[in-house]
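Notes to accompany the following structure.
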Amino acid sequence: MPLLSGKGRRNLKDEFPKWAAEEISGSKMLLQGSVEASGYLLDKDDKNNKVDVQFYDQLPDGRYIATLESPELQVKDLEFAVTYLFQVKVFKASLSKKLVDFLAERYEMQMDSVHKFELTRAEKVD
């Protein structure tokens, strides 16, 4: 079944180009700093030590929901239905002009960087 987009119909065979995927996955993430933000767990992946969190306030890139990698904490100890104060390291990598232009033209997406978030602390809020 064809997909619709701003540029007309596309087949499902239209794949994301390998060069673009490699640029994104190979981006050099630079530490931008850390933030403290409160929120709660939406999901957790104990095997890969990651959590999906809904934040009450925006993160630096504007989102409210993010997947946090946790190299320092064991996410299996975190609980659902609990508000936490999270300490999060924020990393950012800029995308090339070629990729930015490609995303804008092909997907009508305005994106010039990618972010990664690492959980360093989680404290229950009373």
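Helices in the chain, meaning DSSP H runs of at least 4 residues, each add -39500 (n - 2.57). Divided by all residues, the mean residue ellipticity at 222 nm is -4500 deg cm²/dmol. Pairs spanning more than 18 Å between alpha-carbon atoms, out of LYS28/LYS50; LYS44/LYS116; LYS44/LYS92: LYS28/LYS50; LYS44/LYS92. Projecting label points 7 angstrom from Cα along Cα→Cβ for ASP112 and VAL125 puts them 3.2 nm apart.
What the phi angles of region 62-72 give under the Karplus curve with 6.51, -1.76 and 1.60, with θ = phi - 60°, is a coupling list of x, 8, 10, 10, 8, 8, 10, 7, 9, x, 9 Hz, glycine and proline written as x. For TRP19 and LYS76, the FRET efficiency from 1/(1 + (r/R0)^6), where r spans their Cβ atoms and R0 equals 41 Å, is about 0.60. The modelled label-to-label distance for the pair SER34/SER94, using points 7 Å beyond Cα in the direction of Cβ, is 2.6 nm.
Bin by bin, in steps of 5 Å, what percent of the Cα pairs in region 46-126 do you find, going until the bin that has the longest distance? Spelled out per bin, shortest first, that is 3, 13, 22, 19, 15, 11, 8, 6, 2, 0.
The numbers here are math on the coordinates, done by the rules we state, and not lab data. Since this is a predicted model, take the numbers as computed values, not measurements. Because the Cβ atoms are built from the backbone with ideal geometry, glycine has one as well, and the counts that use them run over all protein chains shown.
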